[in-house]
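Trainee: Sharing a structure, written as structure tokens. Questions coming.
The values are calculated or read from the model by the stated rules, or taken from the named source; none is laboratory data. Keep in mind that what you see is a predicted model, and the values were worked out from it rather than measured. Here Cβ is always computed from backbone atoms with ideal geometry, including for glycine, and neighbour counts include all displayed protein chains. For accessibility, only protein heavy atoms count, side chains too; no ligands or nucleic acids. Shrake-Rupley method; radii C 1.70, N 1.55, O 1.52, S 1.80 Å.
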Amino acid sequence: MNKWKLFTAKEIRPAGWMLKQLEIQAKGLSGNLYKVWPDVRDSAWIGGEREGWERVPYWLDGFIPLAYLLEDEKMIAVAKRYIDAILSKQEEDGWICPCKKSQRAVYDTWALQLITKTLTVYYECSGDERISEALYRVLKNYYELLKNGEIKLFHWGKFRWFETFIALNFLKEKYDGEWLGELARILKEQGYDYNEAVELWKTPLRVWRYKTHIVNLAMMLKAEAVSCDLLGGEYNDTAEKFRKILDEYNGTVYESFTGDECLSGVSPVQGTELCAIVEQMYSYELLFAYTGDNRWAERLEVLAFNALPATLSEDMWAHQYDQLSNQIACEKFFMKTPFGTNGPSAHLFGLEPNFGCCTANFSQGFPKLALSAFMHGDNKIINALMLPCRLNYGGVEIELKTDYPFENKVQYAIKTDKPFDFIIRIPSFAENLKINGKNAETKDIELHIEKGETAVEIEFETPVCLKERPNSLYTLKKGSLLFSVPVSYKKKKREYTRRGVERKFPYCDYEYIPKSAWNYAFCGGDFSVNYNGVGEIPFSESKPPVTVKANMCKIYWGHRRYFKTMCAKIPKSTRPLSAPKKIELYPYGCAKLRMTELPLADK
Ligand SMILES: [Zn+2]
């Protein structure tokens, strides 16, 4: 049983910096993909000739909540047009994917699993009653085809079987039917058991495998939480067991794993694919809702406030396939690529660098984050993430004002026509916590709110610290924010057309060519914090909301062998080459070129 239930876009409205970020997203690629990208614009899902598999459902999975959170009528109409077209093609027996009957056995039904998740998201946003019946028919047909052996799980569908459970859990609430439980069992039986892959995760192979594929793993972390109720098993916290091993052998400072695009070991110069970041965020949102365990929410914050904005351009028209924590340039490699299995442009900012999955899939990141701010259960409401927004639910209104994570003051204006219990999740790193100006004795905050109006103010401190990383490197951290030495750069625009896909400003590719030094080490622990306030672009490169000055000196770091635009994994020397001076570090999400994992200089 879920400890917390999620709210929908009908109940949560973004405000403050979260609203600004979602508006940028709507004006950028997510909000315009259906106009500029053939695989969404002319997809077979809506009767066109282009891709009829994962790209439209991936994009809609984020575009739909974005449209409803912003109450943007035009975007809502576009979403409806796509959903209408998809529903109109549903066949007599329930099959919904754009593939011929004779092709069903060779169609990888990962896309079917994904469209059921997307349709569930559409129902939650729109309340469109056609969806329940359509989903019932899709999954009943899926059950029959799988049971009769007419189709089988293979490739992605085999490794992502649990994605079907978003829709299955939704249907279970609405319909009785033994077949729902039977379908759940067939999926688990035919699906891959990741316990068998654990040994493989301990040695990066530099070969492509479903079992070490970073996006599969990011999705898989939620598998037990979403499936165990229907399967009738006990919850055993397998997610934590898997996460720990993945982190030990492939962990990144931004709470993900190296995967370019399969696991690549512990290194600040291997990348992580963007799809993995947004899928891991979604997994952690659901893991927090299922378990109520603070650790999932804290890891989610690190992904959402660092890894996600860092790998998107400020205007959200361009994104990277792979981001690196020590990223001194985003220039195309020649002859060789340093990535495990990705091409030489995977770290460029652009329309579809390396491959187009992230182009469609990144849309879900910020909207689903905004939807996780509050959760509820049993006459209780929890503020799970301190994101500026308004909640309106069953006679309760909560307005949450804050610039968190950039500052640590949070105000709640509550109006309610009935009493309820209000829980505020306080991060474990918060210090000197105050509630309404008084020192709090505990971080377990549960307030009984009476009928009427109540104001609550929370304030705390997040000290600056150096977090130890493998290879004797350190990252400056303050609360959920990581800080990097920003490297200034020149943008080089690349406009061209390849295989019928046009890259034209603002949806073109960019190379980022470094202009400033990056070879630094920390000298001592004297840090000073500057708050600049959140501007129109929350993760601004030119005016970051908060910066930290640290004493640093230059060292001889050197380049990775064969690569002139990538630094070595670890510095060649930590002997100071210059006197210490104050360097202003930026939030990781504001520094597109950056050094994040740095050594301590020799004394
Ligand atoms: Zn991707």
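Trainee: I'd like the distance between the alpha-carbon centres of the range 64-78 and the range 181-246, rounded to an integer number of Å.
Mentor: Taking the Cα centre of each part, the range 64-78 and the range 181-246 sit 33 Å apart.
Trainee: Using the Cα centre of the range 238-372 as origin and beta-carbon charges of +1 (Lys, Arg) and -1 (Asp, Glu), tell me which of 254, 264, 316 is placed farthest towards the positive end of the dipole.
Mentor: 264
Trainee: Can you give the charge dipole size of the chain about its Cα centre, rounded to the nearest 20 debye, using +1 on the beta carbon of Lys and Arg and -1 on the beta carbon of Asp and Glu?
Mentor: In total the dipole reaches around 2580 debye.
Trainee: Evaluate the charge dipole of the range 243-310 about its Cα centre and quote only its size in Debye, nearest 20, assuming +1 on the Cβ of each Lys and Arg and -1 on the Cβ of each Asp and Glu.
Mentor: Here the size comes out at about 140 debye.
Trainee: Using the per-residue mean of other Cβ atoms lying within 10 Å as a proxy for protection, in what order, highest first, do the peptides 304-314, 546-556, 254-264 fall?
Mentor: Highest-to-lowest ranking by the protection proxy: 254-264, 304-314, 546-556.
Trainee: When the accessible area of the range 412-506 is split by element with a 1.4 Å probe, what percent falls to carbon and sulfur?
Mentor: 45 percent
Trainee: Also: Give me Rg over Rh for the range 1-75, both radii from the alpha carbons and Rh done the Kirkwood way, two decimal places.
Mentor: Dividing the radius of gyration by the Kirkwood radius yields 1.06.
Trainee: 222 nm [θ] for the chain, helices only, -39500 (n - 2.57) per DSSP H run of 4+, per residue, to 500?
Mentor: Dividing the helical sum by the residues of the chain leaves -9500 deg cm²/dmol.
Trainee: May I ask you to order 24-30, 436-442 by the average number of other C-beta atoms within 10 Å around their residues, highest value first?
Mentor: Output ranking for 24-30, 436-442: 24-30, 436-442.
Trainee: Of 594, 469, 560, 185, which has the most accessible area and how do the rest follow, probe 1.4 Å?
Mentor: Greatest to least solvent exposure: 185, 560, 469, 594.
Trainee: How many angstrom separate the Cα center of the range 537-600 from the Cα center of the range 7-42?
Mentor: 32 Å
Trainee: Keeping the other protein chains in place, figure out the carbon and sulfur percent of the accessible area of the range 518-603, with a 1.4 Å probe.
Mentor: Carbon and sulfur atoms account for 52 percent of the accessible area of the range 518-603.
Trainee: Once fully extended, how much extra length lies between residue 401 and residue 543, figured as 0.36 nm per residue of separation less the alpha-carbon to alpha-carbon distance?
Mentor: Separation in residues times 0.36 nm, less the Cα-Cα distance, equals 49.0 nm.
Trainee: Using a 1.4 Å probe on the protein heavy atoms, what percent of the accessible area of the range 1-81 belongs to carbon and sulfur?
Mentor: Result for the range 1-81: 52 percent of the exposed heavy-atom area is carbon or sulfur.
Trainee: List, in the order given, every pair from 101/241; 368/443; 490/554; 3/147 whose Cα-Cα distance in the structure shown is over 31 Å.
Mentor: 101/241; 3/147
Trainee: Is the range 84-124 rounded, prolate or oblate when judged by the Cα gyration tensor, a ≥ b ≥ c being the square roots of its eigenvalues, rounded requiring a/c under 1.5 and prolate requiring a/b larger than b/c?
Mentor: Judged from the Cα gyration tensor, the range 84-124 comes out oblate (a/c at least 1.5, b/c at or above a/b).
Trainee: Sort the chain into rounded, prolate or oblate with this rule: let a ≥ b ≥ c be the square roots of the eigenvalues of the Cα gyration tensor; rounded if a/c is under 1.5, and if a/c is not under 1.5, prolate when a/b is larger than b/c, oblate otherwise.
Mentor: Oblate, because a/c is 1.5 or more while a/b does not exceed b/c.
Trainee: Quick check on the range 69-151: take the gyration tensor over C-alpha atoms, sort the square-rooted eigenvalues as a ≥ b ≥ c, and tell me if it's rounded (a/c under 1.5), prolate or oblate.
Mentor: Taking the square roots of the gyration eigenvalues as a ≥ b ≥ c, the range 69-151 is prolate.
Trainee: Follow-up question, since we're still on this one. Which FRET efficiency value, to the nearest 0.05, do you get for residue 133 and residue 505 by plugging their Cβ-Cβ distance into 1/(1 + (r/R0)^6) with R0 = 60 Å?
Mentor: Using R0 = 60 Å, I get an efficiency of 0.85.
Trainee: Leaving out ligands and nucleic acids, and using a 1.4 Å probe, what accessible area per residue does the chain come to in Å²?
Mentor: 38 Å²
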